[in-house]
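Let me begin by presenting the structure, written as structure tokens, before commenting on it.
The values are calculated or read from the model by the stated rules, or taken from the named source; none is laboratory data. Worth saying up front: this structure is predicted, and the values here are computed from it rather than measured. Note that each Cβ is placed from the backbone with ideal geometry, even for glycine, and that neighbours are counted across all protein chains shown.
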């Protein structure tokens, strides 16, 4: 049966190899089950509901990838996109999380349409490589900055806007100890990754959490709910009560659009669209090349099936109650272990489904334990900086402005907008339009973003 569905022999693999590869992929990306509820709860969403939604959306997307494309790629709510959801759309722009979910849902619908055609690939090709790389780097810095804040390593300052945590005063035993544990977590995770330990990010979270439990038992770490520091000792391990999902399920269709400008909604939706587009295609091509799945022209066969899985999962995730579901680069870990077919993905998906019953355990994991994961993910995303030609100011300056804007403006969409505007204007003004072969889409986007700043 497995042979008929996944064509194992044709892909020079076997069931044992595929299942082990699927377990490896799950181990490397299971941190999302702890991190995503932590981030989205900042928008006012229920943590337990988000965790269940995260696990279910990951299962749906990964299972679809297995069945529609027969590829060993796993999906889950994307890092960066969840931070944009909470910290930019809801907390900075002031929109409801229901509206943010609607933007994700609409983005998914658009992706379904684009995935049935070649338009999605066309859009991908229209955006200059420089900006694609810059967006990835900028998101990395943004995510790392959010991690530093969640760990309370970076705090507010009236004189310098932000400053480092002062490890003294009456909150030392709660906030201060949490920050110290986060620092230890970064070091531990880094060591694990240097040693090439599979699931290093997940193990880093768990070890930091255990250290927190030991500190609380010893009285070194003292919970202080007023300061946002809670007990890290779990009171339950499993739960078969999924009623919490009702707090987010279907809420996307209860969105109140009153007071929301069409350009504002477009800007939010496009930001999700833009990041997901390049994240997905970049990940697919990157992981596929690692597995030698690309054809002689460098294209990925059955890419439409893979894109459809991604698109449907995004819509399903929005209905369930989570931010954009996308293909995870951590899928490369399973590929490295020999995963070549959808059986790898299906194994990962089933493990995400099983994870729903361990929701009480994941929800007890503190923010100082998940913060190192955010910072390390930011590090990995910085790798795209080497693809930017900083020796060419017409490329380097727009890329720099894109990267700079995201953490400083606390917004991925602002970074994208500034990047698109500056790249187009600089290259047109310096007579490089023909040389750079600027696509009509870039002109349209530039005008739309300028109009946004003029009228909003």
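Quick notes on this one:
- Residue selected from the range 185-205 under the condition touching a residue at least 24 places away in the same chain (Cβ under 8 Å) and surrounded by fewer than 17 Cβ atoms within 10 Å (Cβ to Cβ), by the criterion nearest to residue 373 (Cα to Cα): 190
- Criterion: touching a helix residue (DSSP H, G or I) at 6+ places or on another chain (Cβ under 8 Å), farther than 30 Å from residue 61 by Cβ and at pLDDT 85 or above - qualifying residue of 211, 245: 211
- Residue selected from the range 233-265 under the condition part of a loop (DSSP other than H, G, I, E, B) and under 25 Å from the mean Cα position of the chain (by Cα), by the criterion farthest from residue 356 (Cα to Cα): 255
- Counting only helices (runs of 4 or more DSSP H) that sit wholly inside the range 1-120, those with at least 2 residues that are touching a strand residue (DSSP E or B) at 6+ places or on another chain (Cβ under 6 Å) are 32-40, 47-68.
- Taken across the range 363-371, residues that are within 30 Å of residue 25 (Cβ to Cβ), touching a residue at least 24 places away in the same chain (Cβ under 8 Å), touching a helix residue (DSSP H, G or I) at 6+ places or on another chain (Cβ under 9 Å) and part of a loop (DSSP other than H, G, I, E, B) do occur, with at least one present.
- Considering 75, 81, 67, the condition of being closer than 22 Å to residue 329 by Cβ and over 12 Å from the mean Cα position of the chain (by Cα) is satisfied by 67 alone.
- A Cβ distance below 8 Å, combined with a sequence gap of six or more or placement on separate chains, defines the contacts here; from the range 318-344, residues that are on the phi > 0 side of the Ramachandran plot reach residues that are buried (at least 24 other Cβ atoms within 10 Å of the Cβ) and part of a helix (DSSP H, G or I) in the pairs 321/49; 321/50; 321/53; 321/101; 338/18; 338/21.
- All told, residue 45 meets the bar of being crowded, with 21+ Cβ neighbours inside 10 Å, modelled with pLDDT of 90 or more and under 20 Å from residue 360 (Cβ atoms).
- The set of residues in the range 139-183 that are buried (at least 17 other Cβ atoms within 10 Å of the Cβ), touching a helix residue (DSSP H, G or I) at 6+ places or on another chain (Cβ under 8 Å) and more than 30 Å from residue 272 (Cα to Cα) comprises 165, 171, 174, 175, 177, 178, 179, 181.
- Options 88, 130; residue that is within 19 Å of the chain's Cα centre (by Cα) and either modelled with pLDDT of 85 or more or crowded, with 23+ Cβ neighbours inside 10 Å (or both): 88
- Lone unmet requirement of (1) under 30 Å from residue 437 (Cβ atoms); (2) more than 19 Å from the chain's Cα centre (by Cα) for residue 357: (1)
- Scan of the range 430-445 for residues that are out of contact with any helix residue (DSSP H, G or I) (no Cβ under 6 Å at 6 or more places or on another chain), under 24 Å from residue 273 (Cα atoms) and not in a helix (DSSP H, G or I), ordered by number: 437, 438
- Test result for residue 99, surrounded by fewer than 24 Cβ atoms within 10 Å (Cβ to Cβ), within 16 Å of residue 317 (Cβ to Cβ) and in contact (Cβ under 8 Å) with a residue 12 or more places away in the chain: yes
- Residue within the range 394-402 that is within 25 Å of the chain's Cα centre (by Cα), farther than 23 Å from residue 263 by Cβ and surrounded by 23 or more Cβ atoms within 10 Å (Cβ to Cβ) present: yes
- Figure legend. Inter-residue proximity from the range 123-136: first residues farther than 10 Å from residue 416 by Cβ, second residues in a helix (DSSP H, G or I) and at pLDDT 75 or above, beta-carbon distance below 6 Å, spacing 6+ or different chains. Indicated pairs: 126/441; 130/395; 130/399; 133/384; 133/387; 136/381; 136/384.
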